[in-house]
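Read through the structure below, which is laid out as structure tokens, and then see the notes.
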Amino acid sequence: MMEYVMEVYRQQSFTKAAEKLHIAQPSLSQQIKKLEEELDTPLFIRKYGQVTPTPQGNRLIKRAETILKERDDLLREMGEAAYEVGKELMIGAPAVTGGYVLPSLLKTYCQTYPHVHVHLIEESPRELERRLLAGKLDLAILSLPVEHESLKTKQMLTEPLLLAIPQTAQPWLTDELNEIINQADQEGSIPFHLLEDAPFIMLKEGYGFRQVVTELCRHHGFRPRIAFETSHIQTAQALVENELGVTVVPKMVAQEERKAVTYLHIDSCPTRTLVFAYVEERYLTKAAQAFMDLQQNQGKD
């Protein structure tokens, strides 16, 4: 019955909730009405085609959400009891990160635990956090900072950030920067403040890495002048390759050689940190724990 109440609340519609629950709408309405009679209080206000919870309905929904999460966690924990690491792993990562850190790790994991069915979800960091909180993911790989306080993190790796800049001098760069570009044997680092007026290519809002780059610019005394926004780091590099701006990339991304892009170290030696994120209050599956342990062990090798 609590599942019915929660679905009506989520969908704000009896018809849509019935479709999600795969039951007839009159049957759903009847069940909710029966519960309201038992509790002697209305749970929803039905007005002008909208369904909103009453104060008592909100109270029930808040408690029901907690109870259902605890029930699901208990069932998963009991279901894993007979297995070394459980049967299923639901893991998420942004495409900008997952393509670089997950393939080799997943290969080793699947070889080590062939009976575990792995579900891989690629979404924006914001959506991954939402799915974690909703119990639709066991684990997500995110870049710090993580938005929600209820998410616990475990460090995965920290790597340097590099400036990606066109390989030839550009009219929109300062003379000093163009001189650095023209020095094929350039070593050391680039004064990042020189990029104050350069066009930046940034990831879209919702990506933690965008905030990392924004903070880097702020640290050097300026706000980035954003020329283009994209969801993919490969697109950002391609735009740099075509002399449309500059961008900042993690070292693992810079290892992909691009003919018309120069990667330079930054004077303040910035880094980004990747973490495993999960909901602290919920049951962490054995499969998820084993995945984190495997990565930690690989990192020591």
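Bear in mind these aren't lab numbers, they're just calculated from the coordinates by the rules spelled out. None of the values given here were measured: they were computed from a predicted structure. Every residue, glycine among them, receives a Cβ derived from its backbone with ideal geometry; neighbour counts consider all protein chains shown.
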Ranked on Cβ counts within 10 Å of their own Cβ, fewest leading, Ser189, Ser143 go Ser189, Ser143
Roughly how tilted is helix 95-112, in degrees to the nearest 10 and between 0 and 90, from the longest Cα axis of the chain? 70
Give me, ordered by chain and number, the residues 5 or more places off Val248 or on other chains with an amide H under 5 Å from its own placed amide H. Ala164
If you filter the range 82-162 for GluC sites (Glu not before Pro), then keep DSSP loop positions with at most 11 other Cβ within 10 Å, what is left? Glu84, Glu149
What's the center-to-center distance, using Cα atoms, between the range 8-46 and the range 105-128 in Å? 36
For the chain, what is the charge dipole size about the Cα centre, in debye to the nearest 20, if Lys and Arg each add +1 at the Cβ and Asp and Glu each add -1 at the Cβ? 1180
So, R0 is 22 Å and r is the distance between the beta-carbons of Leu39 and Ser13; what FRET efficiency does that work out to, to 0.05? 0.55
Hey, fewest Cβ within 10 Å first, where do Glu65, Glu38 land in order? Glu38, Glu65
Per DSSP helix of 4 or more residues, -39500 (n - 2.57); summed, then divided by the residues of the chain. What does that give at 222 nm, rounded to the nearest 500? -14000 deg cm²/dmol
Run the quick spin-label model on Arg71 and His148: label points 7 Å from Cα toward the beta carbon, then report their separation in nm to one decimal. 2.0
Compute the length gained on full extension between Gln183 and Thr235: take 0.36 nm times their separation in residues and subtract their Cα-Cα distance, giving the result in nm to one decimal. 16.1 nm
Helix 208-219: inclination vs the chain longest Cα principal axis, degrees, rounded to 10, gives 50
Using alpha carbons only, how many degrees (0 to 90, rounded to 10) separate the axis of helix 55-80 from the longest principal axis of the chain? 70
Taking θ as phi - 60°, what are the ³J(HN,Hα) couplings along the range 161-167 by the Karplus curve (6.51, -1.76, 1.60), each to the nearest whole Hz, with x for Gly and Pro? 9, 10, 8, 9, 9, x, 6
Between the range 225-257 and the range 155-174, the Cα center-to-center distance that results, in Å: 8
Label Lys47 and Asp197 with points 7 Å out from Cα along Cα→Cβ: what is the distance between them in nm? 5.9
Quick calc, the range 158-272, dipole around Cα centre from Cβ unit charges on Lys, Arg (+) and Asp, Glu (-), nearest 20 debye, gives 480
Lys and Arg at +1, Asp and Glu at -1: neighbours of Val51 with Cβ under 12 Å from its Cβ sum to +3
